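Engineer: Would you mind keeping the following structure in view while I ask a few things?
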Amino acid sequence: ALPISIVSFRLLPPIWQRWWFILMVAVILGGSVITLDRFRVRKTRQVKVALKQTTESETRYRTLAETASDAIITIDANSSIIYVNEAAEHIFGYRGAELIGEPLTKLMPEPLRSRHEAGLRRYITTNKKNIGWTAVELPGWHKSGVEIPLEISFGEFEKDGERFFTGIARDITERKLAGAALEKAREERFRELERVRKRIATDLHDDIGS
């Protein structure tokens, strides 16, 4: 009789069913969850800090703007007014509610309105300034229909991908009046000196003639 050979073997489960693989996956998943949670907490904290800083910054800006003696006006890229401070109301004679949403040209004399619109469109397209943005003397337009001499400085900023422009306008009426008064006094002084010179010349001529 032929000898009988007995072969025994054991089928191992697939890798993904073995205890060490399951344990490793559990550890990796647990570590990932903890890492993601820490990342979320850190980002949330950063967002809260950024929001707090932004809020504080906006509060400081509004406090400074509302207590400033110069008019502060912010417009969007379409030249629509989105913010005016209290000083702007005093300088231009309009209440804030009358200006919000209105075009900035409402505060300009008629000859400057089309120039402003064309200049703003050109700047937005080319980013090239046509005039200086610091201490520019331009006339404003009061609600009563009277021109106001202004000294204006401009600035630009972006928020949420949109462009905005802020102007700080100072009423220089008193400065103009003081300058005109000084010039008038200078001219009167010059005329007085001219009269004195002529009188002296006349007296000398008479003395020499005598």
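Engineer: Can you spot a residue in the range 50-67 that is at pLDDT 75 or above, out of contact with any helix residue (DSSP H, G or I) (no Cβ under 9 Å at 6 or more places or on another chain) and part of a helix (DSSP H, G or I)?
Structural biologist: Looking for residues that are at pLDDT 75 or above, out of contact with any helix residue (DSSP H, G or I) (no Cβ under 9 Å at 6 or more places or on another chain) and part of a helix (DSSP H, G or I), one finds none in the range 50-67, hence no.
Engineer: Can you find a residue in the range 155-171 that is touching a Gly at 6+ places or on another chain (Cβ under 7 Å), part of a loop (DSSP other than H, G, I, E, B) and open to solvent by less than 60 Å² (accessible area, probe 1.4 Å)?
Structural biologist: Checked the range 155-171: no residue is touching a Gly at 6+ places or on another chain (Cβ under 7 Å), part of a loop (DSSP other than H, G, I, E, B) and open to solvent by less than 60 Å² (accessible area, probe 1.4 Å).
Engineer: I need the full set of residues from the range 111-141 which are touching a residue at least 24 places away in the same chain (Cβ under 8 Å) and open to solvent by 50 Å² or more (accessible area, probe 1.4 Å), in order please. So that I can check it myself, show each step before the final result.
Structural biologist: Our first condition is that a residue be touching a residue at least 24 places away in the same chain (Cβ under 8 Å); within the range 111-141, this holds for 112, 116-117, 120, 124, 137-141.
Correct list: E117, I124, E137, L138, W141.
Engineer: Then there's this: From A169, A181, which residue is in contact (Cβ under 8 Å) with a residue 60 or more places away in the chain and of a type in the set (G, A, S)?
Structural biologist: A169
Engineer: Listed residues F92, F21; which is modelled with pLDDT of 65 or more, within 30 Å of W141 (Cβ to Cβ) and surrounded by 10 or more Cβ atoms within 10 Å (Cβ to Cβ)? Write out each step before concluding.
Structural biologist: Values: F21 fails: within 30 Å of W141 (Cβ to Cβ).
Sole residue among the options that is modelled with pLDDT of 65 or more, within 30 Å of W141 (Cβ to Cβ) and surrounded by 10 or more Cβ atoms within 10 Å (Cβ to Cβ): F92.
Engineer: Would you check which residues across the range 29-47 are open to solvent by less than 100 Å² (accessible area, probe 1.4 Å) and modelled with pLDDT of 80 or more and list them?
Structural biologist: G30, G31, S32, V33, I34, T35
Engineer: Now, a different point. Could you please find all residues in the range 131-155 being of a type outside the set (F, W, Y) and touching a helix residue (DSSP H, G or I) at 6+ places or on another chain (Cβ under 9 Å)? Talk me through it step by step, then tell me what you get.
Structural biologist: Here is the first cut: in the range 131-155, the ones of a type outside the set (F, W, Y) are 131-132, 134-140, 142-153, 155.
Across the range 131-155, the qualifying residues are I131, L138, P139, G140, H142, K143, I148, P149, L150, E151.
Engineer: Within the set of pairs 6 or more residues apart or between chains, which connect a residue that is aromatic (F, W, Y) inside the range 88-108 to a residue that is assigned to a loop (DSSP other than H, G, I, E, B) with Cβ atoms less than 9 Å apart?
Structural biologist: F92/H142; F92/K143; Y94/E102; Y94/H142; Y94/K143
Engineer: Here's another thing I want to ask about it. For the range 97-106, what are the residues that are open to solvent by 10 Å² or more (accessible area, probe 1.4 Å) and not in a strand (DSSP E or B)? Step through it out loud before you land on a result.
Structural biologist: Going residue by residue through the range 97-106, those that are open to solvent by 10 Å² or more (accessible area, probe 1.4 Å) are 97-98, 100-106.
Correct list: A97, E98, I100, G101, E102, L104, T105, K106.
Engineer: Identify the residue in the range 72-88 that is of a type in the set (S, T, N, Q) and more than 14 Å from F154 (Cα to Cα) and, among all such residues, is least open to solvent (accessible area, probe 1.4 Å). Give the steps one after another, and end with the answer.
Structural biologist: Narrowing the range 72-88 to residues of a type in the set (S, T, N, Q): 74, 78-80, 85.
Pick out the ones that are also more than 14 Å from F154 (Cα to Cα) and you get 78, 80, 85.
Numbers: N78: 130, S80: 34, N85: 0 Å².
The extreme case among them is N85.
The values are calculated or read from the model by the stated rules, or taken from the named source; none is laboratory data. Bear in mind the structure is a predicted one, so any value in this text is a computation, not a measurement. Note that each Cβ is placed from the backbone with ideal geometry, even for glycine, and that neighbours are counted across all protein chains shown. Note: accessible area is taken over every heavy atom of the protein model, side chains too, but ligands, DNA and RNA are not part of it. Shrake-Rupley method; radii C 1.70, N 1.55, O 1.52, S 1.80 Å.
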